[in-house]
Structures are given as C-alpha cells and as structure tokens.
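Presented below is the structure to which this report refers.
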Amino acid sequence: MIGNPVALTIRRTIERPAPALVDRYRDAPTGFVTDAFNGEGSMHHGIKPIDPGMKFCGTAVTARCQAGDNLAAMAALDFVQPGDVLVISASGNDTCAVIGDLWAIWAKRIGVVAIIVDGLVRDIPGLLDADIPVFARGHCPNAGYRNGPGEINLGVTCGGVHVGPGDILVGDVDGVVVIPRALAHDVAARLDLVRQKEADALAKVRAGEKLAFWNEAALTAGGGVRYVD
C-alpha cells in the first residue's frame, strides 16, 4: 500500500424517496412486496428479527465494515435522518458483533426505524429493551474493532441483495425485502394490485370457496398429468 490507508469513505448526501411513496409500502407483508417485485428482492433467510414481532418500513443508509471491524457502523449514526434503516455489511464475518444495545438505543433516539446487520449483534436483552427492530444473522458477545477501512452510503450487499442508499426496505418475521429506489413507483403500483387480489382470495377461502391452486384441466390436456389408480 502506498501512503496511509483511508479509514472511512463517506457519501454525506443521498437522495431519499418521498415519504408518501414510502408510506405505500407501510404495513405490507414482505410476501406481498416480493410478489409485487416479480418474486425478487428478498434477503437471505438467515437474516431474521431478534424478536418475531418486529417489523419495519423505511429507507436505506448503508455501511460496509471490514471483517472484524465496526467503524463504519459506528460513524453511520452521524449521517441518518428520521425514517432511515441502517443496513450494515460485516463482510462475511461471524466471529464478533457489529453493534450492541447502547448504539441501538441512540439510533432509536435519533429516528432510525430499523437496523439490519449481515452479520452478528450482541446485548440481546438491551436490544430488545431499545424498542427498535433489529434483523441479523445471529448474536455473539465478542466485540469488533474501530479501525476501518469502511464505507458509508456507497451501497452494500446484504443477505445476497444489493442495497443502495435511498432504497426502500420492508421487514417482518418472514425476512427483509429491498426495493430499489428507481423502481419503487412501479412496484408500489403492483403492490396495490397484490393487496386487492390477496384480499379477494382470502374472502373466498373464508366463505368456503376452494381456490384454483393448480390447473388440472390444462395439465391433463397437455399430457402433463398421469394417474396411476
């Protein structure tokens, strides 16, 4: 390496979607959101809420941490706005936690609506008391270092999905779905259709009407079904 390493690279100004657009995703189950996004956008199933009742909707601020380091995560709190979701990549590290309860309490205080860590967290009792949704791959008492290098708001890969600053995220007990900001209007329009179709289907089932879960006639006509009894 030539010269001193850069500990942090930070994009201070990002473009966020309009609050009215974010609100169109609020309270939507993640299954509805991914259906509206053509079955895409879901993070790896290993990233789950530390309590099943946790859910959220908000816009991404990203932090990429070097393995075993959490400098970018710590500094990211200085670049958030109310309604943001902090999305943290731990670069595949599973030996130490990236964040703990005191950090999460402050994140909640300044308006962060959720924390997503593609890695580990610690201080589970304190995180639960912080009353902020926390999604992670697991937990461990080991702590990381604060040396860098790291990046803030340059985008991350989290749970196998690219997350850019300003993207919309929705999370619940089933996991987390990411909607790129550039596609958020189109996906929101399809989400309205998904909501209506799901409501219609649920009403039919509750009324005792069987839904067509598969098309037996079409498959049989094409030779795709063989009965052996």
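None of the figures in this text is laboratory data; all of them are computed from the coordinates on show. Just so we're clear, the structure is a prediction, and the values are computed from it rather than from any experiment. FYI the Cβ positions are ideal-geometry reconstructions off the backbone, even for glycines, and counts take in every protein chain you see.
Details
- Converting phi to 3J(HN,Hα) with the Karplus coefficients 6.51, -1.76 and 1.60 and the offset θ = phi - 60°, the stretch 196-207 yields 5, 5, 5, 5, 5, 5, 5, 4, 5, 5, 5, 7 Hz in sequence order, with x at every glycine or proline.
- Karplus (6.51, -1.76, 1.60) ³J(HN,Hα), θ = phi - 60°, over the stretch 60-70, in Hz, Gly and Pro reported as x: 7, 10, 10, 9, 10, 9, 5, 4, x, 10, 9
- Over the stretch 138-210, the alpha carbon radius of gyration divided by the compact-protein estimate 2.2 N^0.38 Å works out to 1.70.
- Zone residues, the stretch 117-160, relative to THR9, backbone N less than 15 Å from point 7 Å out along Cα-to-Cβ: 148-157
- Charge dipole magnitude, Cβ of K and R +1, D and E -1 - the chain, Cα centre, debye nearest 20: 240 debye
- Principal semi-axes in Å for the chain [√(5λ), Cα gyration tensor, largest first]: 38, 19, 18
- Normalised by the number of residues in the chain, the average gap of Cα pairs under 8 Å and 6 or more apart makes the relative contact order 29 percent.
- 3J(HN,Hα) along the stretch 141-156: x, 4, 10, x, 9, 10, 10, x, x, x, 9, 10, 6, 9, x, 9 Hz, from the Karplus curve 6.51 cos²θ - 1.76 cosθ + 1.60 with θ = phi - 60°, whole Hz, x for Gly and Pro.
- For SER42, the residues whose amide H sits under 5 Å from its own are VAL178, ignoring neighbours fewer than 5 places away on the same chain, with H placed 1.01 Å from N.
- Ascending count of other beta-carbon atoms within 10 Å, so fewest first, for ILE99, ILE124: ILE124, ILE99
- Scaled against 2.2 N^0.38 Å for its residue count N, the alpha carbon radius of gyration of the stretch 1-137 is 1.08.
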